[in-house]
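So the structure is just underneath, and the comments pick up after that.
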Amino acid sequence: MNIAIAASIITTIMILLVLVTVATTTNAQPVNSTSQQQATEFRVQNTSMSKLAPNINCTKSNSTICPLIPHQIVVALPVRSDGKIWTGTVTFTASKPIEIEILHRYNPSIIPDTVHGQPYNAKWIDGNRYALSTMTMFSNTPVSVTNTPISTGSLVFTGSILLFHKTDGVPFTVTYTIDAVAKSLTG
């Protein structure tokens, strides 16, 4: 896969994050506030069905060269408009093998040279770049009772966005509990 196609795929996934944020956080229960963006503490327990990542970057004029993007995602914690980051714990179980992705705003003060390289990153619809941390250690965890490959686990995270992700286009359901705090960056 060439770099342009990979960047297009990542950009499209990130655009979808904006589109599904409202739908996937309807059961969120911010603590100490009436608004998620104002909340310092954030706790949610939710079951969500994934959404197909639309190929928003493709228009009718370039549809023959634009790849189909079969990704399925659930945005568990969206980017905050106040610049704070999320830090906390998530525990989850999914109906099928998935990955967890933590996205981080990416705006290096010094652009990495070709020798050092850049972390995996993409531009989002808001114009900001995000570096992606893809957690694959929970993929294909067989359940001993049914021997069914699923994803289940718990992890501590810190970042701008938390999402559940599947690259093959197969829909999934995920039940998760998040206990997180929005924190300002200190440096």
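Quick look at the numbers
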item: Additional length obtainable on full extension of the chain from Val170 to Asn147, 0.36 nm per residue less Cα span; result: 6.4 nm
item: Segment Met49-Lys183, length gained on full extension (0.36 nm per residue, minus Cα span); result: 45.4 nm
item: Net charge, Pro97 excluded, C-beta distance under 15 Å - Lys, Arg +1, Asp, Glu -1; result: -1
item: Local net charge near Thr177, Cβ-Cβ under 15 Å (Lys/Arg +1, Asp/Glu -1); result: -1
item: Inter-label distance for Ser133 and Thr114, nm, one decimal - labels placed 7 Å from Cα along Cα-to-Cβ; result: 3.0
item: Local electrostatic count at His71 - Lys and Arg +1, Asp and Glu -1, tallied over other residues with Cβ under 9 Å; result: 0
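A short reminder: the numbers here are calculations on the coordinates, not readings from a lab. Quantities reported herein were computed from a predicted structural model and do not represent experimental measurements. Glycine also receives a Cβ, built like all others from the backbone with ideal geometry; neighbour counts cover every protein chain displayed.
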